[in-house]
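A.B. asks: Sharing a structure, written as structure tokens. Questions coming.
Every read-out reported here was derived from the displayed coordinates using simple, explicitly stated rules and does not represent laboratory data. Model, not experiment: these values are computed from the prediction. Methodologically, a virtual Cβ is constructed for each residue, glycine included, from the backbone with ideal geometry; neighbour enumeration extends over all protein chains shown.
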2 protein chains.
Amino acid sequence: MRNREYGQFCGLARAAEVLGQRWTLLILRDLLTGPRRYSDLAAGLPGIPSNLLSTRLKELEQDGLIVREARGGADRSIVYAMTDRGAELQPALDALSRWGAAGMREPREGEIVTDASLVSALRVAAEGAAIAEQRLTFTVSVGDAVAHAIVEGDGVEVGIGAHPGADAVITGGPGFRDMLAGALDPATAIAEEAVVVEGDPGLLDDFVSTFTVPYSPAMTAD
Amino acid sequence: MRNREYGQFCGLARAAEVLGQRWTLLILRDLLTGPRRYSDLAAGLPGIPSNLLSTRLKELEQDGLIVREARGGADRSIVYAMTDRGAELQPALDALSRWGAAGMREPREGEIVTDASLVSALRVAAEGAAIAEQRLTFTVSVGDAVAHAIVEGDGVEVGIGAHPGADAVITGGPGFRDMLAGALDPATAIAEEAVVVEGDPGLLDDFVSTFTVPYSPAMTAD
DNA sequence: CGGGATCCCCCGAGATACTG
DNA sequence: CAGTATCTCGGGGGATCCCG
């Protein structure tokens, strides 16, 4: 068997063969936010060797998870995009994200937040949210990352970059993650400047009730 | 940062740091079926180097996913068991299993089915099943692997080993996977000896309506 | 025999430089 | 911009050995 195979006729083993390679999950996380160029991917994955990114993209194309396509038009740039089969991974990656996020407290030394990781986090945080009474738009920024969210009815749309004319612009700092876990209430978070809100500060309550990232019950027992 | 880290404050990245190591997902899959001894794990993971199994178990204990405990009583053997935090991985591993299984057709040359992989597959296959009218018990064997399932109401219980006095003993061969995908109907499967049923052959219909493993829509388009 | 530890080899990851 | 080329080094694969 090829070196990366496990020799078991098992769904999890097959998934592990494809996804268990270093950097692969993060590449897919980034591509799930939309098609990206090689240099966009490299920028969103600081520390990845360029040859490894190149290798992974070829493997993922080989495995049918992504496609490499020349973008028509003026710029002849090349973009990578998820296939349908690749997009089917979303529930699994979301479940992994949720598990990982439940075990996160403070960032470790030097850890960053990227655009794609922020979008991914917000999308997962919005799952299971109650139906919104009114349409609300947010711009969320954490570190250098910026994302936007449009909350309307039972759907939440999240994407990279600011939302022009958002109802509220929320800038998260230390303590932002505690607030999303419910360990720090919005009013206190504003008072302690763990969060800065431009626009109606009251909208932070709506934000928190829509986007929640609980701590793992097994870890609060510490 | 440690070598296996990604330097991103992101749930998926954190999950990948723990789960992205070779063999780790399969070790957890096996432990999710219940506590296991070192030698049980080694037997269920043919090909794993013993030093690597040892290393992984230490890492997983360090990360709080499993505990190593001396089993009291006559045999002083040591067992490894999931912690609560580790057990929270089940939804994520199930989602990965489902995705992987959706992409599986025939086994590759030399691929085997283990007890734990069969249990895992049946558990995932039972998700979303309709409420059963009557209590049914099955013993399922594929290759050398044997599992049992108890279907009752809206719950399905799956475990390793045969169920004594099961209502039906189902032995799957080539074509079994097609049947679970709905590509081969039960009567034909029996006729072609893709499946052998001891007991009431009609129970195979109940089995198939409870345990389904669809093919990926994106792959049937091939 | 269960439950590992030790050894060596080699591949793949990381870093850096370079090119169409 | 979108990669390829080359080198080094740590970790995985495989076999063997050890200890209660």
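A.B. asks: Inside region B:7-22, can you point out the residues that are facing chain A (nearest Cβ under 7 Å), within 15 Å of DNA strand C (Cβ to nearest atom) and in contact with a Lys or Arg (Cβ under 7 Å, 6 or more places away or on another chain)?
C.D. replies: Across region B:7-22, the qualifying residue is only B:20.
A.B. asks: While we're on this one: Taking the conditions exactly as written (over 27 Å from residue A:102 (Cα atoms), within 14 Å of chain A (Cβ to nearest Cβ) and more than 15 Å from the chain's Cα centre (by Cα)), does residue B:109 satisfy them or not?
C.D. replies: So residue B:109 fits the description; yes.
A.B. asks: Yes or no: residue B:128 closer than 22 Å to residue B:91 by Cβ, small (Gly, Ala, Ser) and part of a loop (DSSP other than H, G, I, E, B)?
C.D. replies: yes
This table checks each residue for (1) within 16 Å of DNA strand D (Cβ to nearest atom); (2) outside any loop (DSSP other than H, G, I, E, B); (3) closer than 24 Å to residue A:96 by Cα.
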| position | (1), (2), (3) |
| --- | --- |
| B:56 | yes, yes, yes |
| B:67 | no, yes, yes |
| B:76 | yes, no, no |
| B:86 | no, yes, yes |
| B:94 | no, yes, yes |
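A.B. asks: With respect to residue A:90, is the statement that it is exposed (fewer than 15 other Cβ atoms within 10 Å of the Cβ) and within 14 Å of another protein chain (Cβ to nearest Cβ) true?
C.D. replies: It is false that residue A:90 is exposed (fewer than 15 other Cβ atoms within 10 Å of the Cβ) and within 14 Å of another protein chain (Cβ to nearest Cβ).
Conditions tested, residue by residue: (1) within 14 Å of DNA strand C (Cβ to nearest atom); (2) not hydrophobic (A, V, I, L, M, F, W, C).
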residue	(1), (2)
A:32	no, no
A:37	yes, yes
A:45	yes, no
A:65	no, no
A:69	no, yes
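A.B. asks: Now for a separate question. Restricting to region A:9-22, and then to whatever is within 13 Å of DNA strand D (Cβ to nearest atom) and surrounded by 23 or more Cβ atoms within 10 Å (Cβ to Cβ), can you tell me which residue is farthest from residue B:177 (Cα to Cα)?
C.D. replies: Once the filter is applied, the top-ranked residue is A:16.
A.B. asks: In addition: Which number in (1) part of a loop (DSSP other than H, G, I, E, B); (2) more than 8 Å from DNA strand C (Cβ to nearest atom) marks the one condition that residue B:4 misses?
C.D. replies: So the condition that residue B:4 fails would be (2).
A.B. asks: Pick from region B:23-42 the residues that are within 13 Å of another protein chain (Cβ to nearest Cβ) and not in a loop (DSSP other than H, G, I, E, B): which of them is farthest from DNA strand D (Cβ to nearest atom)?
C.D. replies: Of everything passing the filter in region B:23-42, B:31 is farthest from DNA strand D (Cβ to nearest atom).
A.B. asks: Restricting to region A:43-54, count the residues that are near DNA strand D (Cβ under 7 Å from one of its atoms) and part of a helix (DSSP H, G or I).
C.D. replies: Total satisfying the criteria: 3.
A.B. asks: Among the residues of region A:94-101, are any within 16 Å of DNA strand C (Cβ to nearest atom) and either in contact (Cβ under 8 Å) with a residue 40 or more places away in the chain or among the aromatic types (Phe, Trp, Tyr) (or both)?
C.D. replies: No: zero hits.
A.B. asks: Would region A:158-179 turn up any residue that is in a strand (DSSP E or B), crowded, with 18+ Cβ neighbours inside 10 Å and under 14 Å from the mean Cα position of the chain (by Cα)?
C.D. replies: Scanning region A:158-179 turns up at least one residue that is in a strand (DSSP E or B), crowded, with 18+ Cβ neighbours inside 10 Å and under 14 Å from the mean Cα position of the chain (by Cα).
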